[in-house]
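Below: one structure, written as structure tokens.
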Amino acid sequence: MATAVQSTQTPCLICDAENPRNQVQCRQCSAPMALVHNTIGQERPPCLVSILGDSNVGKTVYLGFLLDMLSQRANLFEAVPKGAYSVDLQQTVISHLAWRMFPPKTPVEANQWNWSYYEVRKHGGPERWIDLVTPDMAGEAIAAEVASPTTFRIIQNLLLKSRGLMLLVDAALAANGSAQPDFFALKMLSHIDTMIVAKRGKKVDTPVAVLLTKCDYVPAAFDDPRRFAQSNLNRLWNMCESRFANVEFFATSVVGSIAFATSDEDGLVTPVPLHTALRGILEPFEWIVEQL
Ligand SMILES: Nc1nc2c(ncn2[C@@H]2O[C@H](COP(=O)(O)OP(=O)(O)OP(=O)(O)O)[C@@H](O)[C@H]2O)c(=O)[nH]1
Ligand SMILES: [Mg+2]
Ligand SMILES: [Zn+2]
């Protein structure tokens with residue numbers, strides 16, 4: 001009898017908590033249980049890649065365009081979404097931009113995040129499929145977890161299980177003299193460093209791609225992302241040098257030009273993306289894939 005009860009339980013892919021078979025989201029961490037059902041039968045372990053960064057750095061926009069480029073077979077990639085839920089984020093981002101709007105802010109509640117699960121491979125190299133699993137997290141939740149670990153257990157589990165990390169940093173803000181992007185990134189990396197308890201003196205070897213976002217405002221970053229980071233995000237740069245063995249810097253941008261509209265009622269200024277011009281979206285992902 002006991003075995004019959006056990007077999008109706010399914011462990012969550014992210015936090016390993018047992019859930020009833022018909023559960024839609026994990027009771028413990030809100031990850032979609034479909035992830036588990038989709039990975040059953042795969043002989044390879046899923047590859048979690050986490051996209052990290054402060055609120056408003058451009059995580060949702062970046063991830064939406066990345067997945068869309070992959071599913072449009074950019075640069076010899078082939079990507080197959082596993083489950084319709086995997087397409088939601090990309091659809092939201094693309095349809096908003098088509099209406100010259102940016103997508104809304106990601107809600108802080110983990111049960112409202114979009115998850116994507118894609119089988120990805122690149123033609124022309126060693127032919128192997130990678131199961132890419134990635135949620136679109138809210139920057140506020142990431143900040144809360146960094147400030148007080150285990151506030152969002154799902155983030156802790158994701159960080160521990162991630163095979164690659166993408167850390168997004170607002171290059172426009174940094175170039176404007178704000179220290180906030182540098183401090184956020186420094187805290188984030190310090191959090192990861194202490195969590196992935198490496199041997200004393202040994203560096204963290206999880207590949208970390210640092211993405212400088214909104215580089216349409218600072219085109220110079222495209223010429224030399226490393227130099228940009230070294231001079232505008234020096235704390236982050238030093239932390240990478242001291243504690244991370246496998247880091248690369250990339251400049252990205254999704255829009256070609258932006259207009260600003262002011263509301264008559266409340267005077268709020270809204271950015272209006274006039275057209276999309278994708279730059280540096282695939283490169284960081286390709287780099288992560290090469291490091292796996
Ligand atoms: N100029 C420029 N602005 C961008 C770009 N990408 C994003 N933005 C701006 O950044 C804002 C935030 O982007 P999101 O992708 O929603 O940011 P997020 O990191 O998901 O934020 P949270 O959901 O709050 O964590 C957008 O509304 C745009 O105003 C870009 O490539 N260029
Ligand atoms: Mg978001
Ligand atoms: Zn879970």
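List of remarks:
- Label-point separation, VAL272 to GLN28 (7 Å along Cα→Cβ), nm: 4.9
- Among the trypsin sites (Lys or Arg not before Pro) found in region 67-107, those both in a DSSP coil and sparsely packed, with 16 or fewer other Cβ atoms within 10 Å of their Cβ, are ARG73, ARG100, LYS105.
- Summarising the amide proton neighbourhood of LEU13: residues at separation of 5 or more, or on other chains, whose placed amide H is nearer than 5 Å comprise VAL36.
- Whole-Hz couplings from phi, Karplus 6.51/-1.76/1.60, listed for region 71-81; x for Gly and Pro: 6, 8, 6, 5, 6, 6, 7, 10, 9, 10, x
- The chain, relative contact order in percent, only Cα pairs under 8 angstrom and at least six apart counted: 17
- Note on region 186-273: with charges restricted to the Cβ of Lys and Arg (+1) and Asp and Glu (-1), its dipole about the Cα centre is near 840 debye.
- Nonlocal amide H pairs with ILE130, under 5 Å, H built at 1.01 Å: VAL120, ARG121
- Ranking of MET239, MET188, MET69 by neighbouring Cβ atoms within 10 Å, starting from the fewest: MET69, MET239, MET188.
- Dividing the summed -39500 (n - 2.57) terms of all DSSP H runs of n ≥ 4 by the residue count of the chain sets its mean residue ellipticity at 222 nm at -10500 deg cm²/dmol.
- Pairs spanning more than 32 Å between alpha-carbon atoms, out of LYS82/LYS202; LYS122/LYS187; LYS105/LYS203; LYS187/LYS214; LYS122/LYS203: LYS82/LYS202; LYS122/LYS187; LYS105/LYS203.
- Note on LYS105 and ALA179: their simple-model spin labels are 2.4 nm apart, each label 7 Å out from Cα toward Cβ.
- Shape category assigned to region 64-131 from the gyration tensor of Cα positions, a/c cut at 1.5: oblate
- For region 46-54, 3J(HN,Hα) per residue [Karplus equation, 6.51 cos²θ - 1.76 cosθ + 1.60, θ = phi - 60°, Hz, x = Gly/Pro]: x, 10, 8, 10, 9, 9, 10, x, 5
- Relative contact order (%) - region 112-242, alpha-carbon pairs under 8 angstrom, separation at least six: 22
- Here the residues GLU78, GLU241, GLU248, GLU265, ranked from fewest to most Cβ neighbours within 10 Å of their Cβ, fall in the order GLU265, GLU241, GLU78, GLU248.
- Anisotropy class of region 12-291 from Cα gyration tensor, a/c 1.5 cut: rounded
- From phi via Karplus (6.51, -1.76, 1.60), per-residue ³J(HN,Hα) for region 242-253 in Hz, x at Gly/Pro: 6, 10, 10, 7, 9, 10, 9, 10, 9, 9, 9, 6
- Close amide H partners of ASP170, meaning residues 5 or more places away or on another chain with modelled amide H under 5 Å apart, are THR213.
- Annotation: the antiparallel percentage among DSSP beta bridges lying fully within the chain is about 55.
- GNM remark for the chain: springs join alpha carbons under 10 Å apart, and the peak mean-square fluctuation among SER148, SER178, SER55 falls on SER148.
Only the coordinates and a few stated rules stand behind these numbers; no lab work does. Since we're looking at a predicted model, the values are computed, not measured. When we count neighbours, we look across all protein chains shown, and the Cβ atoms used for this are built from the backbone with ideal geometry, even at glycine.
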